[in-house]
Amino acid sequence: MKYVNVESVEAGEILGKTVYSSNGTVLLSAGVQLTVFMVNTLKRIGVTTLYIQDEAYKDVEIEDILDEATKRAIINDMSVTLEAVRSGKEWSPKKVSLSIDKLLNDVLNGRELLVQLTDIRTKDNAQYVHAMNVCLLSSVIGLNMGLNYNQLKDLAVGALLHDIGKVGEPSGSSATSKLHHTWRGFEVIKNKREFSLLVAHTALQHHEHVDGSGIPRGITGKDIHLFAKIVSAANIYDNLINGLSGNSLLPHEACEEMMAMSGTKLDRDILIEFNKSVSVYPNGTAVRLSTKETGVIVRQHRGLPGRPVIRIARGSTRFSLDVVEVDLAKQTTVFIEGVLT
């Protein structure tokens with residue numbers, strides 16, 4: 001499969017990954033042949049990137065940590081939970097807890113995989129996919145830092161619900177008042193006795209910065225809980241690559257921007273673990289190398305996210321192509337110069 005901009009997709013191409021609705025049901029299944037109407041509809045509902053099947057890369061696997069059933073369950077459960085909060089109804093901590101158990105089971109089984117946040121978003125499901133991605137990345141970072149299961153579960157719940165205070169948020173609310181969504185989230189979560197108070201504090205503190213310049217209380221690194229520091233990094237990364245903080249950045253660009261936040265917005269130790277956890281160049285991405293050759297990312301190296309394996313077709317004509325794979329972990333003088341969008 002190849003990971004491509006939706007603007008370059010043509011009718012007749014085969015969809016590589018399923019597109020979900022806001023409640024976790026399938027809008028378009030992987031394997032469907034796209035029509036002009038389908039492509040235009042995907043653009044209209046806010047889809048910007050897609051996985052497309054390609055004969056030359058049919059063996060390229062997208063190594064998702066989360067099972068498709070887990071994704072559907074989390075998106076559906078978040079839809080139900082946030083709608084209940086929005087309408088002032090009771091919501092089920094048990095349902096959230098069960099979703100987290102499914103996610104952590106996948107994380108523990110996929111501990112050798114890098115996180116690739118390439119799920120297809122629409123305008124309707126973006127809020128839920130964001131929550132899922134922040135939860136997934138936070139859990140992987142926490143696992144790498146040696147947290148036990150109970151700690152991971154508190155972290156994961158806090159990450160999944162970190163923006164729950166945005167539901168029904170009054171317009172024009174002050175960033176320093178108790179109307180800020182971090183305070184609102186804290187108030188919503190702390191009343192659920194099924195959750196540790198750490199879950200509520202994770203939602204409260206995830207916009208704090210280690211240098212004290214964050215909100216809502218302006219506390220510094222020593223006073224910010226570890227879970228909130230982790231969720232802050234995961235939240236910023238997902239916002240950067242999906243345009244929620246402005247223009248969308250490519251994963252490697254987002255990682256570089258986050259490194260510039262070390263010691264100011266973000267904790268240095270968390271960033272070290274973050275960089276070990278994320279796929280800087282997701283499988284299926286087309287890239288240009290320092291040799292001026294172009295190819296597609298086909299495999300990753302755990303611990304070396306910036307040095308993947310690239311498949312290149314060499315030759316003068318389409319009848320005399322020599323397909324080779326360049327392993328950047330071994331060919332240390334070759335570098336990725338750019339991503340081809």
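Annotation: per residue accessible area for the stretch 252-324 equals 48 Å², rounded to a whole number [probe 1.4 Å, protein chains only]. The solvent-accessible area of His209, taken with every protein chain present and a 1.4 Å probe, is close to 30 Å².
Basic side chains Lys and Arg get +1 at the Cβ, acidic Asp and Glu get -1 at the Cβ, and with that the dipole of the stretch 68-276 about its Cα centre reaches some 600 debye.
Accessible surface of Glu68, taken over heavy atoms with a 1.4 Å probe and every protein chain present, rounds to 60 Å². Per residue, the stretch 2-53 exposes 49 Å² of solvent-accessible protein surface, assessed with a 1.4 angstrom probe and all protein chains in place. If you sort Val231, Val210 by accessible surface, 1.4 Å probe, largest first, the order is Val210, Val231.
Could you sort Tyr3, Tyr57, Tyr149, Tyr51 by their accessible area in this structure, using a 1.4 Å probe and putting the largest first? Don't skip to the answer; put the middle values down first.
Numbers: Tyr3 55, Tyr57 35, Tyr149 90, Tyr51 0 Å².
Largest accessible area first, the list is Tyr149, Tyr3, Tyr57, Tyr51.
Once you sort the root eigenvalues of the Cα gyration tensor of the stretch 68-276 as a ≥ b ≥ c, which label holds: rounded (a/c under 1.5), prolate (a/b larger than b/c) or oblate (the other case)? Verdict is rounded for the stretch 68-276.
Split the accessible area of the stretch 68-276 by element, probe 1.4 Å, and carbon with sulfur accounts for 49%.
Here the Gaussian network model covers the chain, with springs between Cα atoms less than 10 Å apart; of Asn105, Asn148, Asn235, Asn148 fluctuates the most. Among the trypsin sites (Lys or Arg not before Pro) found in the stretch 1-83, those both in a DSSP coil and sparsely packed, with 13 or fewer other Cβ atoms within 10 Å of their Cβ, are Lys58. Which of rounded, prolate, oblate describes the stretch 1-67, given a ≥ b ≥ c as roots of the alpha-carbon gyration tensor eigenvalues and a/c under 1.5 marking rounded, otherwise prolate only if a/b is larger than b/c? Since a/c reaches 1.5 but b/c is at least a/b, the shape of the stretch 1-67 is classed as oblate. For a straight C-alpha distance cut-off of 17 angstrom, the aspartates and glutamates reachable from Lys17 (same-chain residues fewer than eight places away being disregarded) are Glu7, Asp54, Glu55, Asp59, Glu61, Glu63, Asp64, Asp67, Glu68, Asp119. Placing +1 on the Cβ of every Lys and Arg and -1 on the Cβ of every Asp and Glu, with nothing else charged, gives the stretch 285-339 a dipole about its Cα centre of roughly 80 debye. The Cβ shell under 9 Å around His301 holds other residues with a net charge of +2, Lys and Arg each +1, Asp and Glu each -1.
Between Asn125, Ala329, Asn109, the Cα set farthest toward the positive side of the dipole of the chain (charges on each charged residue's Cβ, about the Cα centre) is that of Asn125. Membrane-span-like helices in the chain (whole DSSP H runs, Cα extent of at least 20 Å along the helix axis, mean Kyte-Doolittle hydropathy of at least 1.0): 126-144, 226-241. Using a Gaussian network model of the chain in which every pair of alpha carbons under 10 angstrom is joined by a spring, one finds that among Glu90, Glu253, Glu112 the greatest mean-square fluctuation is at Glu90. Highest mobility in the GNM of the chain, judged by mean-square fluctuation with C-alpha springs under 10 Å and restricted to Ala131, Ala203, Ala260, is found for Ala260.
Please report, as a whole percent, how much of the solvent-accessible surface of the stretch 285-339 comes from carbon and sulfur atoms (probe radius 1.4 Å).
Values: 1600 of 3040 Å².
With neighbouring chains kept in place, the figure for the stretch 285-339 is 53 percent.
For the residue pairs Lys95/Lys229; Lys89/Lys190; Lys222/Lys265; Lys43/Lys166, the C-alpha atoms sit more than 19 angstrom apart in Lys95/Lys229; Lys43/Lys166. Here's the picture: charge each Lys and Arg Cβ at +1 and each Asp and Glu Cβ at -1 in the chain, and of Ser213, His180, Gly12 the one pushed furthest to the positive end of that dipole is His180.
The values are calculated or read from the model by the stated rules, or taken from the named source; none is laboratory data. Since this is a predicted model, take the numbers as computed values, not measurements. Note that each Cβ is placed from the backbone with ideal geometry, even for glycine, and that neighbours are counted across all protein chains shown. Areas reflect the complete protein model, heavy atoms only, side chains present, ligands, DNA and RNA absent. Shrake-Rupley method; radii C 1.70, N 1.55, O 1.52, S 1.80 Å.
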